[in-house]
Amino acid sequence: MDFERLAQAVGDLNEPEVMAIVQEIVESDRSSAYESLKAFQKGMEIVGERFDSCEYFVGDLIFAGEVMTRAVNILRPALQEAFANKAPKKKVMICTVEGDLHDIGKNILKAILDGRGIEVIDLGVNKSPAVIVEAAIAEDVDVVALSGVLTYARESMIRTVEAFENAGIRNKVKIIIGGSCVTKDTYKLTGADAWAESPREGADICIDWLS
Ligand code: B12
């Protein structure tokens, strides 16, 4: 399978080409389904670079996220075969924290986790600490992934981690955070267990915790 072609098609926002390659994988090369997730990541990096150089706009970012979600939906059966008996039967809850409506990065992480056979509960955006804790208890999740890009989101992350402590269940869940409001150095201020820059790295950490 030509993964370079797939990465380039994602970067070029060439949806017909992406879907044709994905269809080809499903029909004739199912074992390479997982490998294709790496090509998606590479393609999204091209999208990010073109956005930074003003070649792409916000609508293009949103479209890229949608194409990736649609492609993962088509690949899901093949991915499930690849991860049969390997994916941990535990849940990850994901959301964007209170005050922040940005969800493109969150949706990419969700697509990658989903593609790796993990059950993901997506709470959406702008979720308060109380709502996140309540949902984590109700859904009995093992890992909570928090996303945020606004500087303010870091405060929300701190309050969310505190809310887990106040509810007495901090030791029952692992919390990973990401998004441009935090860095390798600042994430520790939030009290989260881990931080990752890339969604693939984040997915690796979640899977490691769940295994
Ligand atoms: C797209 C966008 C929007 C869209 C959001 C659409 C959507 N559905 O998300 C819209 C137009 C709605 C928007 C609104 C606003 N925005 Co805006 N927006 C952006 C923009 C251009 C891109 C953000 C983005 O999606 N990047 C692409 C994704 C893929 O990157 P990402 O989110 O960082 O995610 C990656 C990683 O961080 C990681 N990741 C993300 N989450 C997680 C979680 C985990 C657990 C892990 C492991 C990894 C991970 O994975 C992703 C892939 O690599 C940025 C500027 C920029 N260049 O970043 C401004 C920006 C973030 N916005 C900004 C602002 C100020 C706003 C507004 C307040 C504007 C306004 N005055 O109304 C509102 C905020 C509304 C709100 N309350 O949230 C500022 C934030 C400043 C700050 N530091 O606080 C920025 C930086 C622009 C700027 N330079 O001023 N915005």
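Things to note:
- Restricting attention to the stretch 123-158 and to residues that are of a type in the set (Gly, Ala, Ser) and either in contact with a Pro (Cβ under 6 Å, 6 or more places away or on another chain) or in a helix (DSSP H, G or I) (or both), the residue that is farthest from the ligand (Cβ to nearest atom) turns out to be ALA138.
- Looking only at residues in the stretch 50-77 that are in a helix (DSSP H, G or I) and without any contact (Cβ under 8 Å) to a residue 12 or more places away in the chain, the one that is farthest from the ligand (Cβ to nearest atom) is ASN73.
- Checklist (1) within 16 Å of the ligand (Cβ to nearest atom); (2) at pLDDT 90 or above applied to ILE112, failing item: (2)
- All of LEU109, LEU75 fail the test of being out of contact with any Pro (no Cβ under 9 Å at 6 or more places or on another chain) and crowded, with 21+ Cβ neighbours inside 10 Å, apart from LEU75.
- In summary, GLN23 fulfils each of the numbered conditions (1) in contact with a Phe, Trp or Tyr (Cβ under 7 Å, 6 or more places away or on another chain); (2) in contact (Cβ under 8 Å) with a residue 40 or more places away in the chain with the single exception of condition (1).
- Within the stretch 159-211, the set of residues being more than 15 Å from the ligand (Cβ to nearest atom), farther than 18 Å from GLU139 by Cβ and at pLDDT 95 or above comprises ARG159, GLU162, GLU165, ASN166.
- The set of residues from the stretch 79-94 being outside any loop (DSSP other than H, G, I, E, B) and modelled with pLDDT under 85 comprises LEU79, GLN80, GLU81, ALA82.
- Residue match in the stretch 14-26 (condition: more than 16 Å from LEU75 (Cβ to Cβ), at pLDDT 95 or above and in contact with an Asp or Glu (Cβ under 9 Å, 6 or more places away or on another chain)): no
- Of the criteria (1) surrounded by 14 or more Cβ atoms within 10 Å (Cβ to Cβ); (2) without any contact (Cβ under 8 Å) to a residue 24 or more places away in the chain; (3) away from the ligand (no atom under 16 Å from the Cβ), which one VAL18 fails: (2)
- Residues in the stretch 163-211 that are among the acidic types (Asp, Glu) and part of a loop (DSSP other than H, G, I, E, B) were compared, and the one that is surrounded by the fewest Cβ atoms within 10 Å (Cβ to Cβ) is ASP185.
The values are calculated or read from the model by the stated rules, or taken from the named source; none is laboratory data. All of these numbers come straight from a predicted model, not from anything done at the bench. For neighbour counting, all protein chains shown are included, and Cβ atoms are generated from backbone atoms with ideal geometry for every residue, glycine included.
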